[in-house]
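Worksheet for the structure shown next.
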Amino acid sequence: MKKPLLTGLIIVTTLCFAGSVALANATKTPKAIVIEKDKVLEGPQFLAGDTVTILGTINGDAYIAGGLVTMDGTVNGDVLIAGGQIAINGTVSENARIVGGNISLNGAVGKSASIAGGNFQLHSASTIGNSLVVAGGTTSVLGTIKGKTYVAAGNVEWSGTADRDVLLNAGQLVVNNGSRINGNLQYRVQSQESSAIRDGAVITGAITELEWSVMPGAPLRRTGGNTLVMTLVLFIGALVVGSLLIRFAPEMLGKTSALLQAKPWHVGLTGIVALVVTPIVTVLLVATLIGLPLGLLTLAAYIVALYGAQFVVGYWLGTFTTKALMKKESNPYAHLIVGLAILAIASIIPVLKTVVLLITFIVGIGAFVLLVKPVSSKQGGATTTDATSPLV
């Protein structure tokens, strides 16, 4: 049960749609990317465009972002896809992680599939080799899942086959005639009147209705955890904001990443001082009437810096990771996706969560402070400030 939960359960539908489309539209990449049927590429592959079509084969992992993504070919590895419209009609030999507005899976996934989207349909010809985790607005399951299944959605229609236990969380739920669950069914629904388990549905195990609850607590913690819910929401939100930063302020992340690479200890020490001193200074300023506006401005900048720290650290992590894997420069959006994903995964591991969060704040704030720190130079007796150059 723990393995699929690490990929998360729930994401806000509109945020998911906006995040995927914004990521695709923000990229400075070709409008259309096509991997022809006879092409065989070695992975990992980082693909981003208005439309991405895969007809051929990728031997390795694939990271894909686009407004319209169609995969009719084969990926012999994992896939991570963010898009507006996504159709998977081919084969993924390993795991599939998909975020989008409308998602159609009409192919085969060798291991686990994690889906977050506005609408998701698992077609009757589809097979999932291991577990399936789905979060979205409307979910329709007609295919076969060989592992455990976890679904959280506004509307769920189940007409497929599951070889193991199934957990369904829905506003409205229908388990249709002819569907089959070779295990236990646990479900919770918000609307009893519009939900039903048809008599023709075959469920070999126990059927348990759980209490519907929207409040944080043990029941939800056992079925996915509110921490995981928030992690997914924050990840997609960060992906949107980070993509906009790359689009409209591309030099900022590049310079902070270079600064962190060149002077990590300098960045860290500066971050520790800024993290501790800034709140104290802010309180002292707010306590005085004259310093109130400056104190509020400092507080706002501090909050922005704390939130922005993840982009600095994430972009640097992504740059380091993609360069190590590909041995060459890659798309900056790939750096962002990979780095933020690493931080998101680390944040749901109890042992690492606090440490990773603290280091991210320290390093991110330190990089921001050094980036905007005035650089004095004598020019005709005057002192000038370069707010865009890192301290060297």
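I'm trying to understand the selection: among the residues of the stretch 271-294, which are of a type outside the set (A, V, I, L, M), surrounded by 11 or more Cβ atoms within 10 Å (Cβ to Cβ) and over 34 Å from the mean Cα position of the chain (by Cα)?
G291, P293
So which strands (runs of 3 or more DSSP E) stay within the stretch 23-125 end to end and still have 3 or more residues that are assigned by TED's automatic domain parsing to the domain that holds V156 and polar (S, T, N, Q)? I'd like the intermediate steps shown before the answer.
Numbers: elements: 32-35, 40-42, 45-54, 57-59, 62-71, 79-88, 96-105, 113-122.
Of the strands (runs of 3 or more DSSP E) lying wholly inside the stretch 23-125, those with at least 3 residues that are assigned by TED's automatic domain parsing to the domain that holds V156 and polar (S, T, N, Q) span 45-54, 113-122.
Any chance you could count how many residues in the stretch 133-164 are surrounded by fewer than 23 Cβ atoms within 10 Å (Cβ to Cβ) and not β-branched (V, I, T)?
Residues flagged as surrounded by fewer than 23 Cβ atoms within 10 Å (Cβ to Cβ) and not β-branched (V, I, T) within the stretch 133-164 amount to 12.
Is at least one residue of the stretch 148-163 outside any strand (DSSP E or B), over 17 Å from A87 (Cα atoms) and in contact (Cβ under 8 Å) with a residue 60 or more places away in the chain?
yes
Restricting to the stretch 187-202, name every residue that is touching a residue at least 12 places away in the same chain (Cβ under 8 Å) and either among the polar types (S, T, N, Q) or not assigned by TED's automatic domain parsing to the domain that holds G136 (or both).
Answer for the stretch 187-202, where residues must be touching a residue at least 12 places away in the same chain (Cβ under 8 Å) and either among the polar types (S, T, N, Q) or not assigned by TED's automatic domain parsing to the domain that holds G136 (or both): Q190, S191, S194, S195.
Scan the stretch 353-363 and give yes if some residue there is modelled with pLDDT of 80 or more, of a type in the set (A, V, I, L, M, F, W, C) and within 16 Å of K255 (Cβ to Cβ), otherwise no.
Scanning the stretch 353-363, I find at least one residue that is modelled with pLDDT of 80 or more, of a type in the set (A, V, I, L, M, F, W, C) and within 16 Å of K255 (Cβ to Cβ), so the answer is yes.
Return yes when I280 is among the β-branched types (V, I, T) and free of Cβ contacts under 8 Å to residues at least 40 places away in the same chain and no when it is not.
On the way: among the β-branched types (V, I, T): yes; free of Cβ contacts under 8 Å to residues at least 40 places away in the same chain: yes.
When the stated conditions are applied, I280 passes them.
With the checklist (1) closer than 18 Å to K111 by Cβ; (2) modelled with pLDDT under 90 in hand, flag the one item A65 doesn't pass.
(1)
Do we have A125 as under 24 Å from G83 (Cβ atoms) and surrounded by fewer than 22 Cβ atoms within 10 Å (Cβ to Cβ) here?
Criteria met by A125.
From the list V109, V75, V99, which residue is within 20 Å of K39 (Cα to Cα) and crowded, with 24+ Cβ neighbours inside 10 Å?
Numbers: V109 fails: within 20 Å of K39 (Cα to Cα); V99 fails: within 20 Å of K39 (Cα to Cα).
So the residue among V109, V75, V99 that is within 20 Å of K39 (Cα to Cα) and crowded, with 24+ Cβ neighbours inside 10 Å is V75.
How many residues are closer than 25 Å to I345 by Cα and surrounded by 23 or more Cβ atoms within 10 Å (Cβ to Cβ) if we restrict to the stretch 61-72?
The number of residues fulfilling the criteria is 6.
Among (1) over 15 Å from the mean Cα position of the chain (by Cα); (2) without any contact (Cβ under 8 Å) to a residue 40 or more places away in the chain, where does A48 come up short?
Failing condition for A48: (2).
Touching a residue at least 12 places away in the same chain (Cβ under 8 Å), touching a Lys or Arg at 6+ places or on another chain (Cβ under 7 Å) and either surrounded by fewer than 18 Cβ atoms within 10 Å (Cβ to Cβ) or under 20 Å from G83 (Cα atoms) (or both): which single residue out of N184, N169, N177, N119 fits that description?
N177
Give the number of residues within the stretch 257-269 that are of a type in the set (S, T, N, Q) and closer than 15 Å to L358 by Cβ.
Of the residues in that region, 0 qualify.
The values are calculated or read from the model by the stated rules, or taken from the named source; none is laboratory data. These figures come from a predicted structure and were not determined experimentally. Using ideal geometry, Cβ is built from the backbone for each residue, glycine included, and neighbour counts are taken over all protein chains shown.
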